[in-house]
1. Out of the range 85-110, which residues are touching a residue at least 12 places away in the same chain (Cβ under 8 Å) and polar (S, T, N, Q)?
2. May I ask you to say which residue of 21, 28, 38 is in a loop (DSSP other than H, G, I, E, B) and farther than 23 Å from residue 204 by Cα?
3. In the range 22-51, how many are more than 17 Å from the chain's Cα centre (by Cα) and under 19 Å from residue 92 (Cβ atoms)?
4. When you scan the range 100-147, how many residues do you find that are of a type outside the set (Ser, Thr, Tyr), over 30 Å from residue 32 (Cβ atoms) and not in a helix (DSSP H, G or I)?
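Values in this text are rule-based calculations from the coordinates and carry no lab data. Quick caveat: nothing in here was measured; it's all calculated off a predicted structure. Glycine gets a Cβ as well: all are built from the backbone with ideal geometry, and neighbour counts include every protein chain shown.
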Amino acid sequence: MKLWLKIICIAFLFITIIGGLLVPVPRLAILHETIRNLFFHVPMWFSMIAVLVASLFYSFKFLSKNDLDLDVKAEEFARVGIVFGILGLLTGSLWAKYTWGAWWTNDVKLNGAAATMLVYFAYFLLRNSIDDEQKRARISAVYSIFAFALMTVFIFILPRLTDSLHPGNGGNPAFAKYDLDSNMRLVFYPAVIGWSLLAFWIADIRIRLHKINNQIEESQS
């Protein structure tokens, strides 16, 4: 990642953490101070989706070029996506406890997010079960496309077709329509950009480490 993107990432995350704790927020029933979790929970999902889109892109690219470096990128972006997905589930569960009264509810979007994590966990189990590099890369690329399609159904389509407690789903108004005020926007948008850049930064580091390890193994063989 370019140096200027890293600087923006650090600056925006600083704004997110400091502003997320100190910026005035709307005094809403049920939500109260927990609305500050919007600066952390929602950007985690944006970041997850962003890096999974990158994983999907490199999966398609591998199928067309058959370059194992592209498979490495697809794998590492998916790995980082899983991490941010888990963080999204944890921050969402914490928010649910203080707003809905339970760590987990039978909500279609919650269940869809959990199902998405299981689908991508299966992606890594599949990779670990195949020894041949080329075969593993091809099968993983195809599965990655399948996994992303399922995620789209679980997170974006089903919650809009059925009842959901989440804002913007199941007939509920989105945050932006009734309580994302100007103060929160000043923090929320940098939070989305900052966490997303962090996800790409981590993936970039992991890809470079993977290449270094491969070079070490080649030099020792």
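1. 91, 99, 105
2. 28
3. Qualifying residue count, the range 22-51: 9.
4. So the count comes out to 3.
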